[in-house]
Amino acid sequence: MKAIKNILLFQLILLVSCTSQNRKTEKNLAAEGSTSYSGPIIDMHCHAFDQMFFGGQDYTNPLTGKTYKASSTIDSLRIETLAKYKEHNVVKAMVSQGELWFDHAPEKIIIGNSHRYSVEELRERFKIGKLKVIGEVAPNYQGILPTDESLTQYFDLAVELDIPIGYHMFPGGPPGGAYFAYPRTRAFQGKPLQFEEILFDRPNLKIYIMHAAWPYLEDLKALMYAHPQIYVGLGAICWALPKKEFQSYVKGLVDAGFGKRIMFGTDQMMWVETISDGIEALNSADFLSVDQKADIFYNNAARFLELSEEETKRHKQE
Ligand SMILES: [Zn+2]
């Protein structure tokens, strides 16, 4: 969910305030039981914005009935998001256009930028330290498939710079969005097996599929089995889907043996409560052990991002 217009139309939900996973809130932890995870979290999918585009639009999610309150300005969005991160012990976040927030939280923000920039521009940004991840890449809002020739250069750039690429797949935007917001999108465009040749041609590509290509679980399992280098992120689906459906999707991946290649993400856009909801949706999954939650919330992303031992140690001690 990258384009500003898309975001404007993708209102979300939810007034429900979720239980803090902050390790310091011991009262809450006791109430949640012993399988609750309270360690550091890496958010592999967030957005910063450089202009006022949303005008405080709240969003009611038609799938869950929850209403999410919008942050009112770009500054309040940053302040509220960073406060939520603090509350939930989110120690790193891949933020699309993260350069806008970087100075406010340099230890935390991993700067992402997408194919809206040319390859040359991205290379320049990389040189000055303003590009750590190519993402969120979401060309399907324009009806462009991952196999489109115009995208080849971006996959190649990720290999050249040896940095990850975060690729958006279905779902994108609200239910029925093709009818009023993204007329070029179609659900079939989210099918994950499209990546096969891209991966086969670039075995060293560091790539994660954002939104875990929901709902194509069978295709995704086939892709992850055939191509051990691919990871997935849980952005958006952790709060945009009903919790049971989200958890059942994660269970499908974990039961298939892919629990070490799933990374937590929020896809926070303008509704900061989605951060709490996304964390709660995963943390309340009773089929996961605390260790499995630790992998998804932190360890898998730390490995994927190649964080130093020193940094991971620090995160776990904080
Ligand atoms: Zn997004």
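The values are calculated or read from the model by the stated rules, or taken from the named source; none is laboratory data. It should be emphasised that the depicted structure is a prediction, and the values quoted were computed from it without experimental measurement. We place every Cβ from the backbone using ideal geometry, glycine too, and count neighbours over all the protein chains shown.
Residues R116, R186, R202, R125: which one is over 16 Å from the mean Cα position of the chain (by Cα), within 16 Å of the ligand (Cβ to nearest atom) and basic (K, R)? Criteria check complete, one pass: R116.
Listed here are the residues, each with its yes/no results for (1) touching a residue at least 12 places away in the same chain (Cβ under 8 Å); (2) over 18 Å from A301 (Cα atoms).
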site: G98; (1), (2): yes, no
site: Y117; (1), (2): no, yes
site: R123; (1), (2): yes, yes
site: F126; (1), (2): yes, yes
site: D148; (1), (2): no, yes
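Scan region 74-93 and give yes if some residue there is more than 16 Å from the ligand (Cβ to nearest atom), surrounded by fewer than 16 Cβ atoms within 10 Å (Cβ to Cβ), modelled with pLDDT of 65 or more and under 30 Å from F287 (Cβ atoms), otherwise no. Taking every residue of region 74-93 in turn, at least one turns out to be more than 16 Å from the ligand (Cβ to nearest atom), surrounded by fewer than 16 Cβ atoms within 10 Å (Cβ to Cβ), modelled with pLDDT of 65 or more and under 30 Å from F287 (Cβ atoms).
Checking each residue in region 136-165 for being more than 17 Å from Q189 (Cβ to Cβ) and within 16 Å of the ligand (Cβ to nearest atom) picks out P164, I165. Counting only helices (runs of 4 or more DSSP H) that fall entirely inside region 221-288 and contain at least 2 residues that are among the basic types (K, R) and touching a residue at least 24 places away in the same chain (Cβ under 8 Å), the qualifying elements are 243-255.
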